[in-house]
1. Mind checking which residues of region 140-153 are open to solvent by 50 Å² or more (accessible area, probe 1.4 Å) and either at positive phi or of a type outside the set (A, V, I, L, M, F, W, C) (or both)?
2. Cβ-Cβ under 9 Å, sequence separation 6+ or interchain: first residue in region 136-148 and without any contact (Cβ under 8 Å) to a residue 40 or more places away in the chain, partner among the basic types (Lys, Arg). Which pairs?
3. Can you name every residue in region 138-169 that is part of a loop (DSSP other than H, G, I, E, B) and touching a strand residue (DSSP E or B) at 6+ places or on another chain (Cβ under 6 Å)?
4. Any idea how many residues of region 154-182 are of a type in the set (Gly, Ala, Ser), at pLDDT below 70 and exposed (fewer than 14 other Cβ atoms within 10 Å of the Cβ)?
Amino acid sequence: LNGVNFNTTAGISTFNNLVVGGTLTYEDVKNVDSVGIITARDDIKLTAAEGKVEATGATGLTLNASHGSAYARIRTAGSERLRITSAGDVVIGTTAAARSPLHIHRANADCYVHITNSTTGTGSGDGFTIHQSGVETLLNNRETGNMRLYTAGTERLRIDSGGKVLLGTTTSRNSAAGYQMMEQIQTHT
């Protein structure tokens, strides 16, 4: 055992490679420092108050489900919350995408997609929401701004922050004419 030190209080130390020709069992280990690839035969469990997987290198973190029909999933409180399928579909709140590549499901009558940025703020009254409430669908610009619909790179419909609907134009010419046009559209439908 040249180069290996055994000590009942400090443990085993070596100045050379340590090769174990069987199973190496760790009990009550607080730190495992590994250079290279760690291959686990079963789960890797994080039991700290806030378990985390962190990449400190410059190229990021890769989680790889390498089997052909495999998927990656994230579970909280014992239930699956997010799945990425082998086809690249992202599924939130359910296990299979009914529509690709993104399917969001919530097991109650209300489901929101809430989009915010550095201009809008991050509160519940900020940004833009897509809201499915029962069988009703709501699009809500929560800011004092316009909602605009484009086709072929050109704005076709605008609802301005005052509630005026503009079709084929971006400026309101005459509010009375706009209301008359809306009345004509409603009469013909």
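The values are calculated or read from the model by the stated rules, or taken from the named source; none is laboratory data. Since this is a predicted model, take the numbers as computed values, not measurements. Here Cβ is always computed from backbone atoms with ideal geometry, including for glycine, and neighbour counts include all displayed protein chains. The protein model used for the area step is the full one, side chains on, heavy atoms only, and it has no ligands, DNA or RNA in it. Shrake-Rupley method; radii C 1.70, N 1.55, O 1.52, S 1.80 Å.
1. As a first pass, look at region 140-153 and keep what is open to solvent by 50 Å² or more (accessible area, probe 1.4 Å): 140, 142-144, 146-153.
Across region 140-153, the qualifying residues are 140, 142, 143, 144, 146, 148, 150, 151, 152, 153.
2. Cβ pairs passing all conditions: 146/158; 147/158; 148/156; 148/158.
3. Just the residues of region 138-169 that are part of a loop (DSSP other than H, G, I, E, B), to begin with: 142-146, 152-153, 160-164, 168-169.
Answer for region 138-169, where residues must be part of a loop (DSSP other than H, G, I, E, B) and touching a strand residue (DSSP E or B) at 6+ places or on another chain (Cβ under 6 Å): just 146.
4. So in region 154-182, the residues of a type in the set (Gly, Ala, Ser) come out as 161-163, 168, 172, 175-178.
Filter once more, keeping what is at pLDDT below 70: 175-178.
Remaining after also requiring exposed (fewer than 14 other Cβ atoms within 10 Å of the Cβ): 175-177.
Total satisfying the criteria: 3.
Matching residues to (1) open to solvent by less than 80 Å² (accessible area, probe 1.4 Å); (2) within 24 Å of residue 134 (Cβ to Cβ); (3) among the basic types (Lys, Arg); (4) touching a Phe, Trp or Tyr at 6+ places or on another chain (Cβ under 8 Å):
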site: 45; (1), (2), (3), (4): no, no, yes, no
site: 54; (1), (2), (3), (4): no, no, no, no
site: 63; (1), (2), (3), (4): no, no, no, no
site: 102; (1), (2), (3), (4): no, yes, no, no
